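Read through the structure below, which is laid out as structure tokens, and then see the notes.
The values are calculated or read from the model by the stated rules, or taken from the named source; none is laboratory data. Note that the structure is a prediction, hence the values are computed from the model and not measured. Methodologically, a virtual Cβ is constructed for each residue, glycine included, from the backbone with ideal geometry; neighbour enumeration extends over all protein chains shown. Note: areas computed on protein heavy atoms with side chains; ligands, DNA, RNA excluded. Shrake-Rupley method; radii C 1.70, N 1.55, O 1.52, S 1.80 Å.
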Amino acid sequence: MTNKAAPFDDLDRKIVAALIDNGRASFAEIGAAIGLSSTAVKRRVDRMRENNVITGFTATVRPAALGWLTEAYVEVYCDGAAPPRRLAEVVRNHPEIAAAMTVTGGADALLHVRAKDVEHFEGVLERIRAEPFIRKTISYMVLSHLLPDSPEAGASQPPGGSAP
């Protein structure tokens, strides 16, 4: 039996938007907001999970609450054509790397790094630069987030209050 994906319609978009806004919202709450029963919302969420539209649920945590007070983006330049899988192996060995991607332009990759402080960041950078195929890096320290509610910024409000 073939599992043919159902079309992604406006109600699905509303459900996804509600879950992005509040991943802990109940199916009944979402249904009441968009005009569906909780059973219909559950069916649609299950279908979207089966079709990899919804790939998981997660908590957003303020990085500072975990002691990650320093943040930077690092352009990585490789000797020759380093394959993306090799870059992926390297970044997986650094828990401080929050995100990594290959990019167009002069750099081969862009890394989003979080660290406890500048000294910790410098150690991460030294470990990255020690890879034999890394030619150079250029770092950009984050001073502030212009979009504080973006996923890259982490949760913008500490529990029960406003951001410092």
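For segment 55-69, the criterion of a residue being open to solvent by less than 40 Å² (accessible area, probe 1.4 Å) and at pLDDT 95 or above is satisfied by no position.
Scanning segment 97-148 for residues that are open to solvent by less than 80 Å² (accessible area, probe 1.4 Å), assigned to a loop (DSSP other than H, G, I, E, B) and in contact with a helix residue (DSSP H, G or I) (Cβ under 8 Å, 6 or more places away or on another chain), we see that the one that is farthest from G80 (Cα to Cα) is H145. Of note, R13 satisfies the criterion of being within 23 Å of the chain's Cα centre (by Cα) and either part of a strand (DSSP E or B) or surrounded by fewer than 16 Cβ atoms within 10 Å (Cβ to Cβ) (or both).
For segment 19-38, filtering for residues that are over 23 Å from the mean Cα position of the chain (by Cα) and open to solvent by less than 50 Å² (accessible area, probe 1.4 Å) leaves 5. Residues in segment 84-96 that are open to solvent by 50 Å² or more (accessible area, probe 1.4 Å) and outside any helix (DSSP H, G or I): N93, P95.
Among the residues of segment 73-83, is any assigned to a strand (DSSP E or B), of a type in the set (D, E, K, R), touching an Asp or Glu at 6+ places or on another chain (Cβ under 7 Å) and open to solvent by less than 60 Å² (accessible area, probe 1.4 Å)?
Scanning segment 73-83 turns up no residue that is assigned to a strand (DSSP E or B), of a type in the set (D, E, K, R), touching an Asp or Glu at 6+ places or on another chain (Cβ under 7 Å) and open to solvent by less than 60 Å² (accessible area, probe 1.4 Å).
In the set V45, V61, V41, only one residue is under 19 Å from the mean Cα position of the chain (by Cα) and either of a type in the set (A, V, I, L, M) or in a helix (DSSP H, G or I) (or both); that residue is V61. Starting from residues that are closer than 20 Å to P151 by Cβ and small (G, A, S), keep the ones in segment 1-48 and report whichever is modelled with the lowest pLDDT. Step by step, filter segment 1-48, then rank; the result is G23.
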